[in-house]
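Below is one structure, written out as structure tokens; the observations come after it.
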Amino acid sequence: MIFCYSGTGNSQWVAKQLAQEIQDELTAVNPLLKSGQRPAFHSQRPWVFISPTYAWRMPRVLEQWIRQTAFTGSKKAYFILTCGGSVGNAAAYAQKLCAEKQFDFGGLAEVVMPENYIALYDAPDEKESRAIIERAKSGLPALAGQILRQERISAPPVTLRSRFLSGPINQLFYPVVVKDKAFVTKDSCTGCGLCAKRCPLNNIRLLEGKPHWQGHCTHCMACIGTCPTEAIEYGTKSQGRRRHFLEG
């Protein structure tokens with residue numbers, strides 16, 4: 001069974017492609033987070049968790065959801081993280097999570113997709129984004145085959161830099177960077193409410209027809225990435241940067 005947590009669509013796209021390749025059920029985690037539901041899951045096939053990379057590791061919001069959710073049947077678990085460049089030493093932390101859940105760690109794979117964290121980085125243009133997506137798509141059949149055969153997926157090589165990024169830098173990322181006070185709306189906001197609908201943590205409320213952030217953001221970028229009028233900015237950091245959102 002495949003589970004997907006996604007912000008601006010990269011991971012959702014990968015999850016749908018992989019679900020077709022291995023002919024397995026796909027469950028979106030975002031609606032479960034939004035509703036607060038904690039259903040138990042049972043499958044005899046491996047568990048596959050797909051998400052973006054947040055500061056060179058699996059997002060904390062997904063880690064917490066996995067910890068609090070009951071999984072019965074299969075003990076094999078795989079992790080696939082989309083990223084703009086590298087997942088660092090994310091595999092080590094996924095393996096620790098598997099030990100907590102008494103899963104057999106099947107490995108972690110990185111899938112490079114177009115950069116979408118425009119609070120810090122530029123998103124590639126449309127042509128480059130399409131090329132990146134095509135390269136990612138070409139590697140998914142082999143990844144699917146490894147999962148079907150329940151082979152161990154080899155993580156990217158671990159370096160001192162990757163340990164540093166996934167360790168101390170990740171620890172600093174949340175208290176220093178992950179804040180929602182910088183989100184603002186421009187006059188082009190129509191009050192459509194899509195940002196509130198997309199937010200997996202119910203962190204956005206519409207007040208007098210305008211979105212207001214409530215202080216428990218995870219920086220998934222769903223609000224800024226999916227706004228149909230590009231009315232949301234992250235202070236001055238996102239100004240002039242292309243929005244990347246991959247539907248389906």
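See the values below:
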read-out: Scan of region 139-162 for residues that are farther than 23 Å from residue 76 by Cβ and within 20 Å of the chain's Cα centre (by Cα), ordered by number; value: 162
read-out: Any hit, region 190-205, residues being over 23 Å from residue 246 (Cβ atoms) and in contact with a Cys (Cβ under 9 Å, 6 or more places away or on another chain); value: no
read-out: Long-range neighbours under 8 Å by Cβ, at least six apart or interchain, first residue without any contact (Cβ under 8 Å) to a residue 60 or more places away in the chain within region 83-101, second in a helix (DSSP H, G or I) and open to solvent by less than 10 Å² (accessible area, probe 1.4 Å); value: 97/66; 101/66
read-out: Filtered residue count, region 185-215, keeping only those that are part of a loop (DSSP other than H, G, I, E, B), within 21 Å of residue 238 (Cβ to Cβ) and either among the hydrophobic types (A, V, I, L, M, F, W, C) or free of Cβ contacts under 8 Å to residues at least 24 places away in the same chain (or both); value: 7
read-out: Qualifying residue in region 106-125 (condition: assigned to a helix (DSSP H, G or I), out of contact with any His (no Cβ under 8 Å at 6 or more places or on another chain) and at pLDDT 95 or above); value: no
read-out: Scan of region 196-210 for residues that are open to solvent by 10 Å² or more (accessible area, probe 1.4 Å) and not acidic (Asp, Glu), ordered by number; value: 196, 197, 198, 199, 201, 202, 204, 205, 206, 207, 209, 210
read-out: Output for region 1-28, where each listed residue is of a type in the set (Val, Ile, Thr), without any contact (Cβ under 8 Å) to a residue 60 or more places away in the chain and either in a loop (DSSP other than H, G, I, E, B) or farther than 18 Å from residue 140 by Cα (or both); value: 27
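Yes/no matrix, rows are residues, columns are (1) touching a residue at least 12 places away in the same chain (Cβ under 8 Å); (2) in contact with a strand residue (DSSP E or B) (Cβ under 7 Å, 6 or more places away or on another chain); (3) surrounded by 12 or more Cβ atoms within 10 Å (Cβ to Cβ); (4) β-branched (Val, Ile, Thr):
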{"site": "122", "(1), (2), (3), (4)": "yes, no, yes, no"}
{"site": "155", "(1), (2), (3), (4)": "yes, yes, yes, no"}
{"site": "169", "(1), (2), (3), (4)": "yes, no, yes, yes"}
{"site": "172", "(1), (2), (3), (4)": "no, no, no, no"}
{"site": "179", "(1), (2), (3), (4)": "yes, no, yes, no"}
{"site": "183", "(1), (2), (3), (4)": "yes, yes, yes, no"}
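The values are calculated or read from the model by the stated rules, or taken from the named source; none is laboratory data. Note that the coordinates shown come from a computational prediction; the quantities given were computed from them, not determined experimentally. Because the Cβ atoms are built from the backbone with ideal geometry, glycine has one as well, and the counts that use them run over all protein chains shown. Ligands, DNA and RNA are excluded from the accessible area calculation, which covers all protein heavy atoms including side chains. Shrake-Rupley method; radii C 1.70, N 1.55, O 1.52, S 1.80 Å.
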